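The values are calculated or read from the model by the stated rules, or taken from the named source; none is laboratory data. Since this is a predicted model, take the numbers as computed values, not measurements. Glycine also receives a Cβ, built like all others from the backbone with ideal geometry; neighbour counts cover every protein chain displayed. Calculation scope for accessible area: heavy atoms of the full protein, side chains included, ligands and nucleic acids excluded. Shrake-Rupley method; radii C 1.70, N 1.55, O 1.52, S 1.80 Å.
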Amino acid sequence: MLLAVLFANTDGNILIERFHGVPAEERLHWRSFLVKLGAENLKGAKNEELFVASHKSVYIVYTMLGDICIYVVGKDDYDELALAEVIFAITSSTKDACGKPPTERLFLDKYGRICLSLDEIVWQGMLENTEKERIKRLIRMKPPADV
Amino acid sequence: MAQPLVKKDDDQEDEEYSPFLGIEKGAVLQEARVFNDPQLDARRCSQVITKLLYLLNQGETFTKVEATEVFFAVTKLFQSKDTGLRRMVYLMIKEISPSADEVIIVTSSLMKDMNSKTDMYRANAIRVLCRITDGTLLTQIERYLKQAIVDKNPVVASAALVSGIHLLQTNPEIVKRWTNEVQEAIQSRAALVQFHALALLHQIRQSDRLAVSKLVTSLTKGSVRSPLAQCLLIRYTSQVIRDSSMNSQTGERPLSDYLEACLRHKADMVIVEAARAITEFSGVTSRELTPAITVLQLFLSSSKPVLRFAAVRTLNKVAMTHPLAVTNCNIDMESLISDQNRSIATLAITTLLKTGNESSVDRLMKQISNFMSDIADEFKIVVVDAIRSLCLKFPLKHRSLMNFLSNILREEGGFEYKKAIIDSIVILIRDIPEAKETGLFQLCEFIEDCEFTYLSTQVLHFLGNEGPKTSDPSKYIRYIYNRVILENATVRAAAVSTLAKFGSIVESLKPRIFVLLRRCLFDSDDEVRDRATLYLNTLGWDGSVGEIDKGVKEFLFGALDVPLVNLEASLRSYEPSEEPFDLSAVPKEVKSQPLTEKKAPSKKPPSFGVSANGPTSPIDAYEKLLSSIPEFSSFGQLFKSSAPVELTEAETEYAVNVVKHIFSGHIVFQYNCTNTIPEQLLENVVVIVDASDAEEFAEVTSKPLKTLPYDSPGQTFVAFKKPDGLPSTGRFSNLLKFIVKEVDPATGEAEEEGVEDEYQLEDLEVVAADYMLRVSVLNFKNAWESMGPDYERIDEYGLGVRESLAEAVTAVINILGMQPCEGTDVVPNNARSHTCLLSGVFIGNVKVLVRLSFGIDGPKQVAMKLAVRSEDEAISDAIHEIVANDEAISDAIHEIVANG
């Protein structure tokens, strides 16, 4: 299960978040935990360099894309390797939507497209699509190129 | 909805450039009126939806009225032919998640889209419908969903399959009907469709072992395209291997060739998954391990952090059971200590601590010292735990390891971290006698400057127990008395108790302790004064008591012998009256499993915070329930309640389980019944118990259940008399009898006339373990020694051929029903011998300790030595009888030596 996907800026403000199977009262813990994790490790990190952590039986893969911190959290089938696939799909389609690793401003400019891309990648805690080309077509309601 | 972590600060520099600058919910809701325009402006509408999404993501909540308004307005947008806008509409509906009574507005539009010629409309409509649908609508659209699963467009098929995975949780009986289509989808050429189909099919069949085994066997032969699906298949394969190895006697592991082949797959994730599966084989051989370890070793130097992490995480686990197999990787592992990703570095360090030999300890400690300063507390705790295990493994190295612990104790750190260090030092002092004096001294230094009251009091308590037994107890007094002068009231009170312990044990220190305790009589806190007064008087400062008698010591410093949780619960329910609180009436049983032990586990997400207050212990609930029934009021104090035992198969018409309540001279069976048929109402429900195979039991009363409506559990009871205080055993057969009445599903009303019916339940056994309370002891060694060998009984038994040592250990623990101590119920893989320590209280409140030593030889013959110590000779013998007479192992048991 993919428990959470979070986008935040470098100050720790949440820009987009998707939780699945996490009760509302636990979400605040997650936000603070992830933002703290990012603050401790992502400073000075290279663009798109992946970081990994595990907390109890939960795995976290996170990275920095331009000025945006991206976190994905999973458990069971979604271990660090599956999460790496997920975050790769997310970073590549975000870059695709923005044209380059985004600043916060650029990210907000493309907010709608990024939300749609995320909707194609992760749906209710499951990984649905991974290729950026396909995702790009899907958000414009075009069938995949190979059909 | 979620609150943003930090609200955006208006003064922030880049804020002025934000497209959402000054965004306000009211204004956006106003803007949403454009959705109602007769001439829709698609671009503008999309922008408004984006703003709404942004607001939702910022933690803004819509009131019920606002949400409804937005939802209705959004549904108008189905009129637009603009595909981009339609995509936004789908997302928005999912985000608002309309209430059940509103869904109807949008279903017809979505159903139309679901049958659209445009594939993408179909895929999206399926996803939205499945998100908002309920059971009744689902039956209407089931036909389309089944078609969609085998749609040639992979996006449509995936949408339907993923929906199926979600719907399986709420409407399993419907989704289970799609098996044929899902099976077809597994053969799809599209990688992701295969992945989703495999996940769904496995979930549909997961309770049917044979079907899973068939699925895995057929797929491992064919070609699974997607690496993600391949990983799933590997997981399912290892599950099949685990299940089958339990039955097969041949010693061959099925499907292991497939896993070995996966080690050569081109996708890294598949290789790691296969290696992981192999290392997790139960009883894995070194021939099986070697290729897996080799590929993992290669990944240790991968440029991808995720692969390094996956490899080191797996090797870390292997190191716990097969440290020697991992030593080859030590050089690669050492280079990971400086890995920028601290999770990887911590895993590397802790693995090295497990695999390192005695000679490498010092070098390793040096490396770790540099590393400790720049990792977070939670990682440090892992390292501290690993160092503790290392020290226990190489006691000769205690000096440098204890030094390390004392150094890090002086550095900055949070409560959990400090507690981990203190706990480690305490364990090392307890287990390594040479480390005792240095360790105690380190603890003394720590409390001189400790900011955590809890830790100070713990250390003081420990000092009081261990300090007086050292060669020079007087040197600790200064540190303890300093606490009385410098600390808060809680710590001062603890220090007073510690001083008193020294006074009571070390006769020569007594006069000086009295001087110090007398000063405490003027303390500003009443608890401190009270303790000082109590100790001064009981220890005889005025010369009234010469030799301190054992009773006083027991009263002052003895253990309470009851779990604190139980004591707290009893104290809370105690009502002030003439009758004093009776400590011996507090239940001694360690909280057992929750009531609904065998119910399907609910998939609860992991909790980050400290777990919420636990529910009331089931034992308390039982006690309350039983004491409210007048028929049982004369039975006296409840000794024990068993965990529920299922008497019906899962998913039958009536679900019944039974809890055995043991009293000294009685036993009560509490049958928990659930009626799972909505069209039935049961009345006068009773269980007819045949006790002809339980000669010592005689039925005294039965309490029927008046009515048992659908899905609302009820209880019926049957009570038996048995010989007082004796562990009588027997087998009982059970028949559920009731009057069944039809219920009209429309009105919910039952018919007047009913029909008598009965339902056979499974047999129930009362075994010796039912008379044993699982009560743990803090320190088994101490408890064992203080119990003494007076009533010790030792025998040896052959347990015959067993599956594994672990299985034999579990079997004996279950037969005795005792509490495993100090984690000795866990048997390391491939161990040839094992010692297991158990403690418990037998009926009649007799403490029992058991030391089991197991050995296994080549052909898996297991031998066991059973040493029992208890407070009663007859009970020690009875424990041996339990093992010797138990049917589950008696066919293999034969007594070899009896040297009691």
Extreme residue, farthest from the other protein chains (Cβ to nearest Cβ), among residues of the stretch B:57-73 that are of a type in the set (A, V, I, L, M, F, W, C) and closer than 22 Å to A:E17 by Cα: B:F71
So B:F462 fits all but one of (1) more than 22 Å from B:D423 (Cα to Cα); (2) in a helix (DSSP H, G or I); (3) open to solvent by 10 Å² or more (accessible area, probe 1.4 Å); (4) out of contact with any Cys (no Cβ under 9 Å at 6 or more places or on another chain); what number is the exception? (1)
Return the residues of the stretch A:1-17 that are open to solvent by 20 Å² or more (accessible area, probe 1.4 Å) and facing another protein chain (nearest Cβ under 9 Å); say none if nothing qualifies. A:M1, A:D11
Among the residues of the stretch B:101-115, is any within 42 Å of the chain's Cα centre (by Cα), free of Cβ contacts under 8 Å to residues at least 40 places away in the same chain, more than 9 Å from every other protein chain (Cβ to nearest Cβ) and within 20 Å of A:M126 (Cα to Cα)? no
May I ask you to verify whether B:P704 is at pLDDT 85 or above, surrounded by fewer than 16 Cβ atoms within 10 Å (Cβ to Cβ) and over 30 Å from B:I879 (Cβ atoms)? yes
Would you be able to tell me the number of residues in the stretch B:834-886 that are under 22 Å from B:S641 (Cα atoms) and either open to solvent by 40 Å² or more (accessible area, probe 1.4 Å) or outside any strand (DSSP E or B) (or both)? 10
Members of the stretch A:62-81 that are assigned to a loop (DSSP other than H, G, I, E, B) and either more than 15 Å from A:L106 (Cα to Cα) or touching a His at 6+ places or on another chain (Cβ under 8 Å) (or both): A:D76, A:D77, A:Y78, A:D79
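To keep it simple, each residue is scored yes or no on (1) in a helix (DSSP H, G or I); (2) at pLDDT below 90; (3) open to solvent by less than 70 Å² (accessible area, probe 1.4 Å); (4) under 21 Å from B:P473 (Cβ atoms).
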site: B:Y417; (1), (2), (3), (4): yes, no, yes, no
site: B:C444; (1), (2), (3), (4): yes, no, yes, yes
site: B:Y454; (1), (2), (3), (4): yes, no, no, no
site: B:T457; (1), (2), (3), (4): yes, no, yes, yes
Please state which one of B:L138, B:L198, B:L219, B:L145 is within 14 Å of chain A (Cβ to nearest Cβ) and open to solvent by less than 50 Å² (accessible area, probe 1.4 Å). B:L198
Has the stretch A:24-47 got any residue that is at the interface with chain B (Cβ under 7 Å from one of its Cβ atoms), under 26 Å from B:L228 (Cβ atoms), open to solvent by less than 10 Å² (accessible area, probe 1.4 Å) and in a strand (DSSP E or B)? no
All conditions in (1) in contact (Cβ under 8 Å) with a residue 24 or more places away in the chain; (2) at positive phi; (3) in a loop (DSSP other than H, G, I, E, B) are true of B:L778 except (2)
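Listed here are the residues, each with its yes/no results for (1) farther than 14 Å from B:F557 by Cβ; (2) open to solvent by less than 70 Å² (accessible area, probe 1.4 Å); (3) over 44 Å from the mean Cα position of the chain (by Cα).
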residue: B:L486; (1), (2), (3): yes, no, no
residue: B:T490; (1), (2), (3): yes, no, no
residue: B:A494; (1), (2), (3): no, yes, no
residue: B:L499; (1), (2), (3): no, yes, no
residue: B:S504; (1), (2), (3): no, yes, no
residue: B:R512; (1), (2), (3): yes, no, yes
residue: B:R518; (1), (2), (3): yes, no, yes
Of everything in the stretch A:120-134 that's open to solvent by 10 Å² or more (accessible area, probe 1.4 Å) and modelled with pLDDT of 90 or more, which residue is nearest to the other protein chains (Cβ to nearest Cβ)? A:M126
By residue number, the members of the stretch B:364-402 that are of a type in the set (G, A, S) and either in contact with a strand residue (DSSP E or B) (Cβ under 6 Å, 6 or more places away or on another chain) or surrounded by 17 or more Cβ atoms within 10 Å (Cβ to Cβ) (or both) are B:A376, B:A386
Residues that are of a type in the set (A, V, I, L, M, F, W, C) and within 19 Å of B:T648 (Cα to Cα): list the strands (runs of 3 or more DSSP E) wholly contained in the stretch B:660-711 that include at least 1 such residues. B:666-675, B:680-693, B:705-708
